[in-house]
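S.K.: Mind having a look at this structure? Questions to follow.
The values are calculated or read from the model by the stated rules, or taken from the named source; none is laboratory data. Keep in mind it's a predicted model, so treat the numbers as computed, not measured. Cβ placement follows ideal geometry from the backbone for every residue including glycine, while neighbour counts extend to all protein chains displayed.
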Amino acid sequence: MNTKTIGIVVGIIVLALVAAILLLQGPATAPPATTPTTQPKTTTNTPTQTQQTTTTTAAACSWKLVGMYIASEDKVILGAPQPVQPPPGVKTPVIVNTTATQASQVVDIGVLQPLSGRLGSLGELARAAAELAAEDVNRYLTSINAPFRVRILADDTQADPAVALDKLKSLHAKGVKYFIVRTSGEVRQMKPYADENKLILISVSSTAPGLVTSTDYVFRLPPDDTKQAKALAAVLKSQGVKAVVIIHRNDDWGRGLANQLRSLLEGQMEVAVAAAYDPQKGEFSAEVSTLADKVSAVVSKYGADKVAVVAPGFAELQSIFLTAANYPVLSQVKWYGTDGSTGLKELTDPKVCQFATKVGGFVSTKFAPARSPYYQRVREYLLSKFGREPDAYAYNAYDAVWLIAYTILENGGDADTAKFFAKFPEVAANYFGASGLTRLNQNHDRDTADYELWALVGS
């Protein structure tokens, strides 16, 4: 082969290699669309494209107490609540230094909490608080030679009402008649069976208005959401908000809270509901797109600093936040949350945190337990066990065990649930525990409470 031929062959090989490289790299980047570059950023309501650039690794968040809503004054204040002491004459937890012994009678308490799934990080706190209470209660019962002891039987509801009812029936078949339960959706599903069989349900976190009446065998240790809506409305007004856009879970709790907030704010500011979503879904792109459209419309009227998004939800907010981060307009307004998400470990994820800090920390309302030595005991135990700040409803779980024990003691050691039902409101009205004073109203809900304001802050 002569030199000329060799040169031609080499040239062909080089051209082939170049063509192969170009094919591997894919087509050239398409030119930008002809959308005018003068479009204001504040009204952008289309998702941005993912950029393949090197970015700094986002840091995780933690939940921080930033303020309080004082119900008696209808006022928002900054800072932490002040320590309080029990009023004179009330019962409190009694912590004794003795070894618990067995008794002839055991009162089983079914702790039906979401120990996995979207509320698992909160359910595990409630279970641990109930277990601590059982230890404290049994030492106290031993010290007074009471005829019974309590025992915790925990099971996972996955925050699924159908699963919760199945677990209730399963434990009832084993003789359990007392239960510490959680969400409004679960309470609604379990209530008919509990009423029919005279099973006592004490909820640590159910707040949907109108769910429970004076004839139901259900007692709720938090106040209902008519009070939380007032707290959230006060926060929004204190920030000078002129328009609110709501995205919420389409369940008893989410609908109830959204409706209460809407009725309180209409006439004082513009209120719109962007989406009521199915909480069992895995992705929420359609709902977030609608939210972006609604927010964009009110931002163009009032400006981003006068617009707020309110998002009553659970751990699915992790997915909603990550989707919302693709819409610039949703990062320009403040977002606010409620008790369903306050304290969730899932929202401290670094990528979620990056969005949360952009939107003001996702300031969220939650029932405020009274700061007392009993509160501090539970808090320190849970901090040492889980390494994170307990959510407010864990303190209700601790108190629920004490309230069961004290009510049975008031009935002479008789664990009959009909007698318990009649006596419990009286006992709750005169008990001050880790969550504070537990006095109930005529519908078996906590009578009154202040609210804490929590926010996600970068660590």
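S.K.: What residue, of Leu344, Leu409, is crowded, with 18+ Cβ neighbours inside 10 Å and under 20 Å from Ser203 (Cα atoms)?
M.R.: Sole residue among the options that is crowded, with 18+ Cβ neighbours inside 10 Å and under 20 Å from Ser203 (Cα atoms): Leu344.
S.K.: Within the stretch 204-236, which residues are over 25 Å from Met68 (Cα atoms) and not in a loop (DSSP other than H, G, I, E, B)?
M.R.: Of everything in the stretch 204-236, those that are over 25 Å from Met68 (Cα atoms) and not in a loop (DSSP other than H, G, I, E, B) turn out to be Val218, Phe219.
S.K.: Can you name every residue in the stretch 314-347 that is β-branched (Val, Ile, Thr) and at pLDDT 95 or above?
M.R.: Within the stretch 314-347, Ile320, Thr323, Val329, Val333, Thr338 meet the criteria.
S.K.: Consider Asp74 carefully, then state whether it is of a type in the set (Asp, Glu), at pLDDT below 95 and surrounded by 11 or more Cβ atoms within 10 Å (Cβ to Cβ).
M.R.: For Asp74, the condition - of a type in the set (Asp, Glu), at pLDDT below 95 and surrounded by 11 or more Cβ atoms within 10 Å (Cβ to Cβ) - is met.
S.K.: May I pose another question? Could you tell me which residue of the stretch 278-308 is farthest from the chain's Cα centre (by Cα), considering only residues that are outside any helix (DSSP H, G or I) and crowded, with 22+ Cβ neighbours inside 10 Å?
M.R.: My answer is Val307.
S.K.: Within the bounds of the stretch 115-136, is there any residue that is in a loop (DSSP other than H, G, I, E, B) and either touching a residue at least 12 places away in the same chain (Cβ under 8 Å) or over 24 Å from Leu383 (Cα atoms) (or both)?
M.R.: Within the stretch 115-136, one or more residues are in a loop (DSSP other than H, G, I, E, B) and either touching a residue at least 12 places away in the same chain (Cβ under 8 Å) or over 24 Å from Leu383 (Cα atoms) (or both).
S.K.: Same structure again: Of the residues Val457, Val401, Val427, which is not acidic (Asp, Glu) and not assigned by TED's automatic domain parsing to the domain that holds Phe148?
M.R.: Answer to the check: Val457.
S.K.: Mind counting the residues in the stretch 176-203 that are part of a helix (DSSP H, G or I) and aromatic (Phe, Trp, Tyr)?
M.R.: Qualifying residue count, the stretch 176-203: 1.
S.K.: Can you find a residue that is at positive phi, touching a residue at least 60 places away in the same chain (Cβ under 8 Å) and of a type in the set (A, V, I, L, M) anywhere in the stretch 163-181?
M.R.: Looking for residues that are at positive phi, touching a residue at least 60 places away in the same chain (Cβ under 8 Å) and of a type in the set (A, V, I, L, M), one finds none in the stretch 163-181, hence no.
S.K.: So, one more: Is it the case that some residue within the stretch 311-331 is part of a loop (DSSP other than H, G, I, E, B), among the polar types (S, T, N, Q) and touching a residue at least 24 places away in the same chain (Cβ under 8 Å)?
M.R.: Yes, some residue in the stretch 311-331 is part of a loop (DSSP other than H, G, I, E, B), among the polar types (S, T, N, Q) and touching a residue at least 24 places away in the same chain (Cβ under 8 Å).
S.K.: Which condition number does Ala103 fail, the rest of (1) among the small types (Gly, Ala, Ser); (2) assigned to a helix (DSSP H, G or I); (3) in contact with a strand residue (DSSP E or B) (Cβ under 8 Å, 6 or more places away or on another chain) being met?
M.R.: Condition (2) is where Ala103 drops out.
S.K.: Let me ask something else. Output the residues belonging to the stretch 352-393 that are within 19 Å of the chain's Cα centre (by Cα), in a helix (DSSP H, G or I) and not assigned by TED's automatic domain parsing to the domain that holds Arg118.
M.R.: Once the filter is applied, which keeps residues that are within 19 Å of the chain's Cα centre (by Cα), in a helix (DSSP H, G or I) and not assigned by TED's automatic domain parsing to the domain that holds Arg118, the stretch 352-393 yields Val352, Cys353, Phe355, Ala356, Thr357.
S.K.: What are the residues in the stretch 93-129 that are surrounded by fewer than 16 Cβ atoms within 10 Å (Cβ to Cβ) and either over 22 Å from Leu201 (Cβ atoms) or of a type in the set (Ser, Thr, Tyr) (or both), if any?
M.R.: Listed by number, the residues that qualify are Val94, Ile95, Val96, Asn97, Thr98, Thr99, Thr101, Gln102, Ser104, Ser116.
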